[in-house]
Structure formats: structure tokens, C-alpha cells
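One structure is given below, encoded as C-alpha cells.
The values are calculated or read from the model by the stated rules, or taken from the named source; none is laboratory data. Being a predicted model, the structure only gives us computed values, none of them experimental. Methodologically, a virtual Cβ is constructed for each residue, glycine included, from the backbone with ideal geometry; neighbour enumeration extends over all protein chains shown. Protein only, heavy atoms only, side chains kept; ligands, DNA and RNA dropped before computing areas. Shrake-Rupley method; radii C 1.70, N 1.55, O 1.52, S 1.80 Å.
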Amino acid sequence: MASVSNLFIIFSSLLLLSLSLLNTCLATSRTLSALVEQQPLVLQYHNGPLLNGNVSVNLVWYGNFSPAQRSVIVDFLNSLSSDKAPKPSVSSWWQTTEAYKGGRRSVVVGNQIVDEKYSLGKLLTAEQLIALSSKAGGINNAVNVLLTSADVAVDGFCMSRCGTHGSGQNKKGKFAYAWVGNSMSQCPGQCAWPFHQPIYGPQTPPLVAPNGDVGVDGMIINLATVLAGMVTNPFNNGYFQGPADAPLEAVSACTGIFGKGAYPGYPGQVLVDKTTGASYNANGLNGRKYLVPAMWDPRTNTCKTLV
């Protein structure tokens, strides 16, 4: 029979061995956790000019837009720099751009050109997008936005993009431009999600569009994306991550995130209108409601949502 002292020695040795194994397991667990921990999202500033101060947004309406559709989009643009809407508001979303170099960026709607006769046809190339957007005329601290109706096809539309922005040159100088198309009759599952069933991935029920128009409410999401990209990376040497010809920008770096808890196929927790059942996360002027995407916040290196 082992003595009490021998049993104590054996017990102590076993205890020390167990503690050693436990510490090893904990250290391994911490190491594995560190390996899978998501790294902060950082958009580098490439020292180029940004758009700040009063930024005029000039519009070119190409194709068939109803007065109701135009008012949804114009109200959104006017809401970006207005403090008259209740929070969470479109303007509180836009204020995140103030955290980028240059400070405050106030948006005003400038010239509006209407091309209802499809002057360049219903199939547009990238070069024609620049030519059409240049008709709006803005140069200094202005952006020209070309909006195409649901019956207009654009090179690359639906296959690789729902909108885009860049810069062009005319007789007056260099200008920033953007294009956004209405995807309703071509690819709403890709360019109007989450208001339409997605083409790929989890087939979650679509959200109800806050302005009753899946195509135009989808355009608002894509317009918000390119506008944030234009003011923070107007000439491909501002804020972005990755290659300059295919950058992740202020909003495109946060694709698919609209509320807390978002993951691929799920937009996150958003607000729901008790009367219409429509989903939104931002209030606008004239009683409008909108769904705006998350924007990268340089103060926290995270994708910031309103709700």
C-alpha cells in the first residue's frame, strides 16, 4: 500500500501534468483564434484629389423615366445634405464621408438633362456613357450622373457591374462621371437585391421596396455606392483597396451589408414600416424612406451601418 506522502507526490505530479496540458491547449486555441480572426478593413489613401465642400450632382436621364421615378431619385439626392429628415436619416449616412480627408461634402442637385428619345440607341458602350454624361456640363467640384431606364442595355451591365464611376475629358477639362442603370427588366436579382430574389446563393425572401419600385429602389443602393466612391476616389488615386482599375471603395468594400448582423445572403437587421411592410434604414425628405448600404468608416476601419 502506498503511503500518504507517496500518494501526495503522485497526485501532485498528475496535477502539474494536467495543468501543463491545459495551458498548451489554451495556447493552441488562442493561436488558432488569432489565425481566423478577421483583419481590419483598411482603404489606403493614395494622395490624389478628393471632392469636398459643395458638390454639384448633375443628372442625365436617358430613356423612359416616369415623374414618380425621377422624384424618388431627386429626393434621395436632396436628402444627402439636409438635416430636416428624422434619424436615422440619409444625411447621417452621408456624414460618414466627412471622416475622409477634406471634411464636409454637401451635395446639391445641379443641371438635369432629359434624353427620352434614346439619342445613342438602347445599347450603350463604355465610351458612350462618358459622352452622354458629359452633356450635363459640370467641371469644377461637380459630378455628372447618367441614369439609364430599364429598357436600356449597357456594356457589362448585369455581368460585372450595376453602376460605375470614372473620369472623362471634354473641351472644358476633366470631369468626374457615374452611371447607374435600372435593372428591373434585365437582372433585378443581381442589381436590385435585397428587393428581389438573388440569382445565386441563399434564396431568402426579398425585402419590400420602400418606394414601391424594385428597379428604382435598387438604383438608389447603386447610386449611393457610386456617389460615395466618386467623392472619396474621383480620379482613381483617392481612397481604395486593391488594384486601381478594380478598386474596393467606400461602399463597394462593404457590399451586401445594410444592418447589424449581415452576412452573405442576409442584409442584416433593418427597419420595417408598420403600414406598408417595406424595409428601410434611412429617412429622407418628403417622408421618403430608403435602404442605403454600409459605408467604410476611416475612424474605426469598419463598415458602418445606420441601424
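Brief remarks on what is shown
- Spatial separation of Cα centroids for the range 95-127 and the range 128-200, in angstrom: 8 Å
- Placing a label point 7 Å from the Cα of ASP115 along the Cα-to-Cβ direction, the residues of the range 137-160 whose backbone N falls under 19 Å of that point are 137-139, 143-158.
- With the simple model of a label 7 Å out from the Cα in the direction of the Cβ, ARG104 to ASP245 spans 4.0 nm.
- Mean residue ellipticity at 222 nm, helices only, the chain: -8500 deg cm²/dmol; runs of at least 4 DSSP H residues each add -39,500 (n - 2.57), and the sum is divided by the number of residues.
- Residue among SER89, SER160, SER106 with the largest mean-square fluctuation in a Gaussian network model of the chain, springs linking Cα atoms under 10 Å: SER160
- Sequence-ordered 3J(HN,Hα) estimates for the range 89-98 from the Karplus curve with 6.51, -1.76 and 1.60 and θ = phi - 60° stand at 10, 4, 5, 5, 5, 5, 4, 4, 5, 5 Hz, glycine and proline given as x.
- Among the protein heavy atoms of the range 122-195, carbon and sulfur supply 53% of the accessible surface, probe 1.4 Å, non-protein parts ignored.
- Over the chain, accessible surface divided per residue gives 49 Å², non-protein components excluded, 1.4 Å probe.
- Long-range HN-HN contacts of ASP151 with modeled amide H, under 5 Å: ASN64
- Its relative contact order, with pairs defined as Cα atoms under 8 Å and 6+ residues apart, puts the chain at 21 percent.
- Reported label for calculated Rg and Dmax of the Cα atoms in Å given (i) 18.0, 52; (ii) 18.4, 61; (iii) 25.1, 104: (iii)
- Exceeding the 25 Å Cα-Cα cut-off - candidates LYS122/LYS174; LYS87/LYS135; LYS84/LYS304; LYS122/LYS289; LYS87/LYS260: LYS122/LYS174; LYS87/LYS135; LYS122/LYS289
- Selected from TYR263, TYR200, TYR62 as most flexible by GNM, with the chain as the system and alpha-carbon contacts under 10 Å: TYR200
- Residues whose amide H lies under 5 Å from that of ALA282, counting only those 5 or more places away or on a different chain, are TYR290, VAL292; hydrogens are built 1.01 Å from N in the peptide plane.
- In sequence order, calculated HN-Hα J values of the range 130-142 (Karplus, 6.51, -1.76, 1.60; Hz; x Gly/Pro): 5, 4, 5, 5, 5, 5, 6, x, x, 10, 6, 6, 9
- Among ALA278, ALA85, ALA99, the largest mean-square fluctuation in a Gaussian network model of the chain (Cα springs under 10 Å) belongs to ALA99.
- For VAL107, the residues whose amide H sits under 5 Å from its own are VAL55, SER81, ignoring neighbours fewer than 5 places away on the same chain, with H placed 1.01 Å from N.
- Computed from backbone phi with θ = phi - 60° and the Karplus coefficients 6.51, -1.76 and 1.60, the 3J(HN,Hα) list for the range 118-123 is 6, 4, 10, x, 10, 10 Hz; x is used for glycine and proline.
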